[in-house]
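Structure first, then comments.
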Amino acid sequence: MTFDEIINGHLWAVRYEGEQDNVLYNLFDHWNDVVWLRSFFKQNKKDVVSYFKIEDINQAIKDTIDDGEHLERLMMDVSLMTNLDTLFRPLDNSRMSESVLSKEKARPHYILRHVSWLRIYAIKLASDVYIITGGAIKLTATMQEREHTRRELVNMEKVRSFLLNERIIDEDGFLDFINEIR
Amino acid sequence: MKNTIEKLREHASATSSQWREEAESRAANRSWLRYSQNIAMLMLDKMEQTGMTQKQLAEKMKCSQQYVSKILKGKENLSLETLSKIEEALDLHLLSAVTVSA
């Protein structure tokens with residue numbers, strides 16, 4: 001895997017092996033592709049109906065495009081002045097303490113028709129430095145429940161392991177990691 | 001921290017990302033993209049109802065299957081000629097608000 005610098009030293013996106021561009025490109029490409037979205041919502045129709053009470057697939061597509069537009073604008077507006085620690089939140093809502101290379105998420109916070117199902121996932125390299133590892137349309141309460149969200153957890157772990165193996169972590173962080181696994 | 005960023009830069013991608021250009025283009029073309037996406041949804045509904053494949057639609061519209069595939073993604077800036085061909089091929093009324101007197 002390689003890394004694309006989205007905002008100078010501040011925000012990065014992973015480009016996985018065999019991919020032409022990074023995850024940010026792929027995510028927003030999918031979230032604006034009617035064929036891709038239709039196929040996704042057909043496969044996950046039960047979840048859209050049971051969790052969001054949306055029966056019409058075209059409505060689900062439109063909601064995704066609207067929320068995607070909002071989230072993409074948030075990403076485009078990120079500058080060196082942006083405090084990324086306010087954009088990203090711990091992946092685990094109940095996490096109480098900081099950990100090394102922690103898993104994080106970002107989502108649109110405005111509510112148009114319903115709470116947004118879009119997520120962008122990242123690893124926090126340091127305060128205000130994040131690496132985007134992927135994203136998903138999350139329709140269930142937990143990520144473990146569906147294959148496409150489980151895959152995002154695997155990707156986050158892969159990126160985390162890569163960073164640790166390559167020692168792309170500050171020395172204090174590395175010592176903290178050693179203490180974590182002891 | 002500077003050292004960590006430098007280490008990450010050693011693993012930078014060989015080519016630059018097109019994400020920002022695409023995002024800017026999506027924002028600038030938002031208005032017609034919404035029409036294009038809505039038309040794609042109507043087309044896909046009709047194709048599903050009638051069991052028409054992309055290949056059959058391409059033959060009816062006298063264009064390539066690749067072009068039909070692009071239209072269905074909802075990312076094409078469709079000309080009036082193409083819209084008219086879609087209407088005819090799928091028996092859809094996309095331009096019904098515009099009446100043409102003979």
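Computed from the coordinates by the stated procedures, all read-outs in this text should not be read as laboratory data. Note that the coordinates shown come from a computational prediction; the quantities given were computed from them, not determined experimentally. When we count neighbours, we look across all protein chains shown, and the Cβ atoms used for this are built from the backbone with ideal geometry, even at glycine.
Our summary gives the stretch A:1-146 a relative contact order of 24 percent, counting only alpha carbon pairs under 8 angstrom and 6 or more residues apart. Over all directions, the projected convex hull of the C-alpha atoms in chain B averages 10.4 nm² in area.
For B:Ser17, nonlocal amide neighbours, meaning residues 5 or more places apart or on other chains whose placed amide H falls under 5 Å from its own, do not occur. Listed by Cβ neighbour count within 10 Å, with the fewest neighbours leading, B:Leu90, A:Leu11 appear as B:Leu90, A:Leu11.
Seen against the Cα atoms of chain A and their longest principal axis, helix A:171-181 is set at about 70 degrees. Largest GNM mean-square fluctuation among B:Ser79, B:Ser13, B:Ser36, using chain B with Cα springs under 10 Å: B:Ser13. Our coupling estimate for the stretch B:56-69, obtained by passing each phi through the Karplus curve with A = 6.51, B = -1.76, C = 1.60 and θ = phi - 60°, is 5, 5, 4, 5, 5, 8, 6, 9, 7, 5, 4, 5, 4, 4 Hz, Gly and Pro reported as x. Taking the Cα centre of the stretch B:19-90 as origin and assigning +1 to Lys and Arg Cβ atoms and -1 to Asp and Glu Cβ atoms, the resulting dipole is close to 100 debye. Working note: 222 nm ellipticity from helices only, DSSP H runs with n ≥ 4, each -39,500 (n - 2.57), summed and divided by the residues of chain A, gives -13500 deg cm²/dmol to the nearest 500. Axis angle, to the nearest 10 degrees, between helix A:57-76 and the longest C-alpha principal axis of chain A: 30 degrees. Considering only A:Phe88, B:Ser64, A:Tyr110, and ranking their Cα positions along the charge dipole of the protein assembly as shown that arises from unit charges at the beta-carbon of Lys, Arg, Asp and Glu, the one farthest toward the positive end is B:Ser64. Counting only alpha carbon atoms, the long axis of helix A:147-165 and the longest principal axis of chain A meet at about 20°. Since only A:Val78, A:Leu153, B:Leu78 are under comparison, the one whose Cα sits farthest along the positive direction of the charge dipole of the protein assembly as shown, derived from C-beta charges on Lys, Arg, Asp and Glu, is B:Leu78. In loop segments of the stretch A:123-167 as defined by DSSP, the trypsin sites (Lys or Arg not before Pro) with at most 14 further C-beta atoms inside 10 Å of their C-beta are A:Arg167.
Placing +1 on the Cβ of every Lys and Arg and -1 on the Cβ of every Asp and Glu, with nothing else charged, gives the protein assembly as shown a dipole about its Cα centre of roughly 680 debye. Of the trypsin sites (Lys or Arg not before Pro) in the stretch A:1-66, the ones in a loop by DSSP (not H, G, I, E or B) with at most 16 other beta carbons within 10 Å are A:Lys53. Rg/Rh, computed from the Cα trace of the stretch A:2-181 with Rh as the Kirkwood radius, has the value 0.97.
Restricting the stretch A:58-133 to chymotrypsin sites (Phe, Trp or Tyr not before Pro) that sit in a DSSP loop and have at most 16 other Cβ atoms within 10 Å of their own Cβ leaves A:Tyr110.
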